[in-house]
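A single structure is presented below for examination.
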Amino acid sequence: MSVHFLKAPQVPKVIERLKQHTKSRGIHVITVHTTGNVRGHKRPHLFRKGELKGYYRDWNILHFGEGWGSWFRVEAGAKLVRRKGGRIVAQKP
């Protein structure tokens, strides 16, 4: 799931709702943009270091990482860019 377009006040509520509707042993896969993208970034909320992991402290973290993502083109013919982000794979106990 991507939460790239949520505003800051919505983030905890949406993640909590998703967690409540997930069955035991269910898995969440989430990617986010982080505060390393301040310059020229237009997302409504950039996650702070460790913020995403904090929402899942009561789940089993199968994978977690923060840092540079892959190179990609914003549009055809555009220059390659990279974004800093976070990603988590977490399983409900």
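The values are calculated or read from the model by the stated rules, or taken from the named source; none is laboratory data. In this text, all values refer to a predicted model and were calculated from it rather than measured experimentally. We place every Cβ from the backbone using ideal geometry, glycine too, and count neighbours over all the protein chains shown. Side chains are part of the model used for accessible areas, which takes the heavy atoms of the whole protein and leaves out ligands, DNA and RNA. Shrake-Rupley method; radii C 1.70, N 1.55, O 1.52, S 1.80 Å.
When ligands, DNA and RNA are left out and all protein chains stay put, how many square angstrom of accessible area per residue does the chain have with a 1.4 Å probe? Before the final figure, lay out the partial values.
Working: 6450 Å² over 93 residues.
On a per-residue basis, 69 Å².
Taking 41 Å as R0, compute the FRET efficiency from the Cβ-Cβ separation of residue 81 and residue 60 and round it to 0.05.
0.80
Given +1 on the Cβ of Lys and Arg, -1 on the Cβ of Asp and Glu, and no further charges, what dipole in debye does the range 1-68 carry about its Cα centre, rounded to the nearest 20?
140
So if each residue of separation counts as 0.36 nm, and I subtract the Cα-Cα distance between residue 74 and residue 43, what length gain in nm does that give?
Working: separation 31, 0.36 × 31 = 11.16 nm, distance 1.45 nm.
Taking 0.36 nm per residue and subtracting the Cα distance, the gain is 9.7 nm.
With springs only between Cα atoms under 10 Å apart, run a GNM on the chain and tell me which of 75, 66, 16 wobbles the most.
Looking only at 75, 66, 16, the largest GNM fluctuation is found for 75.
Of 23/84; 7/84; 19/79; 13/79, which ones are farther than 27 Å apart at the Cα?
Working: 23/84 31 Å; 7/84 18 Å; 19/79 38 Å; 13/79 36 Å.
Beyond 27 Å between Cα atoms: 23/84; 19/79; 13/79.
Mind putting together the pair-distance distribution for the range 1-58? All Cα pairs, 10 Å bins, whole percent per bin, short to long.
21, 56, 20, 4
I've got another one for you. What is the Cα radius of gyration of the range 41-93 over 2.2 N^0.38 Å, N being its residue count?
That works out to 1.42 for the range 41-93.
Further question: Could you check how much of the accessible area of the chain is carbon and sulfur, as a whole percent, using a 1.4 Å probe?
54
Also: State the answer as a single residue: which of 91, 36, 64 lies farthest towards the positive end of the charge dipole of the chain, with beta carbon charges of +1 for Lys and Arg and -1 for Asp and Glu, about the Cα centre.
36
Can you compute 3J(HN,Hα) from phi for each residue in the range 73-86, using the Karplus curve 6.51 cos²θ - 1.76 cosθ + 1.60 with θ = phi - 60°, rounded to whole Hz and x for Gly and Pro?
Karplus-based 3J(HN,Hα) across the range 73-86 equals 9, 5, 8, 4, x, 6, 6, 6, 9, 9, 10, 8, x, x Hz.
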